[in-house]
Structures are given as C-alpha cells and as structure tokens.
Amino acid sequence: MSLLSVHELTAFYGDFQALFGVTLDVEPGEVVAIIGANGAGKSTFLRSVVGLCASAAKAALFDGRPIGGRPTHEIVTLGIALVPEGRRIFPSLTVEENLLIGGHRARPGPWSLARVYDLFPMLYERRAMSGPALSGGQQQMLAIGRALMANPRLLLLDEVSLGLAPIVVNDVYTRLSTIVGEGTTTLFVEQDVGRALSVCHRVYCFQEGRIALAGSPRDLTRAQIAAAYFGV
C-alpha cells in the first residue's frame, strides 16, 4: 500500500482552478521530487495534502485513510509535516521555542529536541536567539527541525533551496539523507531540477496544474524533462 495516494485531486483559489485531476503516489521510504515552473501548482499540491487547501475526502489517502477535508492539526497527528515555502519561522520565539512548538502534537518516533540538535548543531549553538536573527539557511534548517519534532512518517518540503547559497543547499541535502535514513519518507518541491533528480527515487513534473511527466530519473531523458517543464 502507498503511504500517500492522491487521486484526481483538484484545488481552487476562489474561482481560479489551480490543480486539475492530479494523481500521485508516494511509497514508504521513498524520496519523491516535484518540479515545474512557477505557478505550476506545486505548492498548492502540498498545501492540499496537509489541509490548507480544500479537497474531497477521498482525493487523498494517507496509509489507506482518507485525509481530504480534514483539519491540518489532525493530519499532522496522523504523521504528515510540512516545511512551507518561506519557512514561516515564528518571529517572537527563540530557536528552541520554535522547535518545541513543532513537537506539540508529536507522534512517538526517533526525533526529539536532542536528536534535532545532533542533526543541526548550529541550532543548538543559537538556541536562545530569535528565529529572525538566523540566516536564510539557518532558518531553513530550523523549519526542517521544527517539522521533524512532530515525528512525521511523511515529510513535505516546499522549495528546499529557494534563496539559499549553494554551500548551504549542499548542507541541507546532506542532512536529508540522514532524515530518510531514520525512516522518514520525503516528498519535496525543488526549483533546482538537477539537484532534485540527483536525490529522488521518482519525479513528477507539474505543468499548469497537471502532471506532465512522471517516472524514475534514470528512465527519463533531459529532453523529456525539459519538454514537460516548459510545455513544449
């Protein structure tokens, strides 16, 4: 059984339709990438999975259970956590307080405050600082750590490398392998196509709210990916 199974998912912002019948599966232990141009519906898809955009009850199944239309806090409790685009650090809280908020509805599992500090030592060094005082890369690590505190079975990452220096991106992706090694299935949106293809088991390319291409990176050519990405 797929850990996440999405079937004919649609999503709207008012009268504007952002997703058109998206069907996608994520198997336990996989790293799955979503790529596509700006406005292709990638972030809307993740938001729909975690209940931030309305969807039909059976449009999304998590471990066989319908989660469409359920409130976000229930979905987190079931085992899905989202690292949103822009990181959304709580500005009035310290680094450690941001992490502890992430564990408010935590499931049993390997991730604890100490384990997150092991993964991101610089967070421990800056644990008493306010979130906005961190650099962009450090805030991304804080956002990932906060999500891990919920002990998710499925981690959703929106725009992993957006606005980060290459050396910071390398650091984040190095730690991603550790996260997956702890048994956390990962679905991520990435603007750096080459980076996404280098770490994922499968990739989905979104184009204008639909899936234009899907498959294993080793089975897809660069020409196929470019055509799906740009709609040519």
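Against the longest alpha carbon principal axis of the chain, how many degrees, from 0 to 90 and to the nearest 10, is the axis of helix 166-181 turned?
Once rounded, the angle reads 90 degrees.
Kindly give Rg over Rh for the chain, based on alpha-carbon atoms, with the Kirkwood expression for the hydrodynamic radius.
Details: Rg = 17.0 Å, Rh = 17.8 Å.
Checking Rg against Rh, the ratio lands at 0.95.
Quick one: angle between helix 136-148 and the longest Cα principal axis of the chain, in degrees between 0 and 90, rounded to 10, please.
Long axis of 136-148 versus the principal axis of the chain: about 80 degrees.
Given labels modelled 7 Å from the Cα in the Cβ direction, how far is it in nm from residue 78 to residue 38?
According to this spin-label approximation, the distance is 3.3 nm.
In nm, give the distance between the simple-model label positions of residue 88 and residue 112, each being 7 Å from the Cα along the Cα-to-Cβ direction.
It works out to 2.8 nm between the two label points.
Calculate the radius of gyration of the Cα atoms of the stretch 80-127 to one decimal place, then report Dmax, the largest Cα-Cα distance, as a whole number, both in Å.
11.1, 28
For residue 178 and residue 20, calculate 0.36 nm times their separation in residues minus their Cα-Cα distance, and state this gained length in nm to one decimal. Present the calculation step by step, with values, prior to reporting the outcome.
Details: separation 158, 0.36 × 158 = 56.88 nm, distance 3.44 nm.
Computed gain between residue 178 and residue 20 is 53.4 nm.
Hey, any idea what % of the stretch 1-129's accessible area is carbon plus sulfur with a 1.4 Å probe? Before the final figure, lay out each step's value.
Working: 3380 of 6180 Å².
That fraction is 55 percent.
The values are calculated or read from the model by the stated rules, or taken from the named source; none is laboratory data. Computed from a prediction, not measured in an experiment: that's the story for all the values here. FYI the Cβ positions are ideal-geometry reconstructions off the backbone, even for glycines, and counts take in every protein chain you see. Note: areas computed on protein heavy atoms with side chains; ligands, DNA, RNA excluded. Shrake-Rupley method; radii C 1.70, N 1.55, O 1.52, S 1.80 Å.
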